[in-house]
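Accompanying notes for the structure given below.
The values are calculated or read from the model by the stated rules, or taken from the named source; none is laboratory data. Model, not experiment: these values are computed from the prediction. FYI the Cβ positions are ideal-geometry reconstructions off the backbone, even for glycines, and counts take in every protein chain you see. For accessibility, only protein heavy atoms count, side chains too; no ligands or nucleic acids. Shrake-Rupley method; radii C 1.70, N 1.55, O 1.52, S 1.80 Å.
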Amino acid sequence: MQKHWHIFYTKAKCEKKVNGLLTKKKIKNFCPVHCRQISRYNRIKLIYEPLFSSYVFAYIHESEINVVKQLSGVVNLVYWKDQPAIVQNEEIEVIREFVTYHQNITLEKSRVNVNSLASIVDRPSYLVDGNVVMIKNKFIKVNLPSLGYTVVAEMEGEGVIGKRLGVGEKRMLI
């Protein structure tokens with residue numbers, strides 16, 4: 001039996017709590033948190049909040065699903081076409097890198113296509129871990145086809161460091 005990244009739907013504002021409970025049970029999990037700047041009363045404040053509201057990802061066997069569903073704060077497993085929704089490892093890694101290197105991240109709904117690795121959003125495009133990235137007007141977009149979202153962030157400073165990839169190359173630094 002093989003492990004996969006499954007998506008669990010949580011109660012409102014319970015993502016971090018479920019993340020902690022999964023960690024206590026020694027279950028590999030991921031709750032992407034991003035930093036957002038807001039301006040209030042002539043001050044800039046940084047807020048850390050979950051990128052996907054009410055979603056936590058867990059790397060488990062199908063036999064462990066019931067154990068996770070019984071945790072406090074977990075509502076249910078997310079299903080797609082009557083099957084547990086599975087997220088590709090590459091997409092989890094792209095999300096990890098994205099929340100590490102970018103602030104003020106937003107999500108845009110897109111079509112769910114579990115068989116697709118990536119789709120070209122616009123030109124110019126660059127390849128990051130098998131997903132096509134669009135860079136335009138200081139914004140960078142990564143399509144996550146199995147989740148049905150496009151992740152968008154505003155680039156700061158110099159922007160993207162790297163080059164277009166040739167045949168056989170797999171990675172670009174952001």
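In a residue-by-residue description of segment 66-75, the property of being open to solvent by less than 60 Å² (accessible area, probe 1.4 Å), within 16 Å of Tyr9 (Cβ to Cβ) and of a type in the set (Val, Ile, Thr) applies to at least one position. Do the conditions hold for Val56, that is, is it within 20 Å of Glu15 (Cβ to Cβ) and at pLDDT 95 or above? The answer is yes for Val56. Note on segment 43-54: residues that are open to solvent by 80 Å² or more (accessible area, probe 1.4 Å) and under 22 Å from Glu91 (Cα atoms) amount to 2.
The single condition among (1) at pLDDT 90 or above; (2) farther than 19 Å from Pro145 by Cβ; (3) surrounded by 14 or more Cβ atoms within 10 Å (Cβ to Cβ) that Val87 does not satisfy is (2). Taken as a whole, the condition of being surrounded by 15 or more Cβ atoms within 10 Å (Cβ to Cβ), among the small types (Gly, Ala, Ser) and under 15 Å from Ile27 (Cα atoms) applies to Ala58.
Confirm whether Thr150 is touching a Lys or Arg at 6+ places or on another chain (Cβ under 6 Å), among the β-branched types (Val, Ile, Thr) and either within 21 Å of Ala12 (Cα to Cα) or modelled with pLDDT of 60 or more (or both). Talk me through it step by step, then tell me what you get.
Values: touching a Lys or Arg at 6+ places or on another chain (Cβ under 6 Å): yes; among the β-branched types (Val, Ile, Thr): yes; either within 21 Å of Ala12 (Cα to Cα) or modelled with pLDDT of 60 or more (or both): yes.
Here the answer is yes, as Thr150 does meet what is asked.
Within segment 104-120, restricting attention to residues that are open to solvent by less than 60 Å² (accessible area, probe 1.4 Å) and farther than 11 Å from Leu144 by Cβ, which residue is modelled with the highest pLDDT? Taking the candidates together, the pick is Ile105.
Can you name every residue in segment 6-42 that is open to solvent by 80 Å² or more (accessible area, probe 1.4 Å), assigned to a helix (DSSP H, G or I) and not charged (D, E, K, R)? Once the filter is applied, which keeps residues that are open to solvent by 80 Å² or more (accessible area, probe 1.4 Å), assigned to a helix (DSSP H, G or I) and not charged (D, E, K, R), segment 6-42 yields only Thr23.
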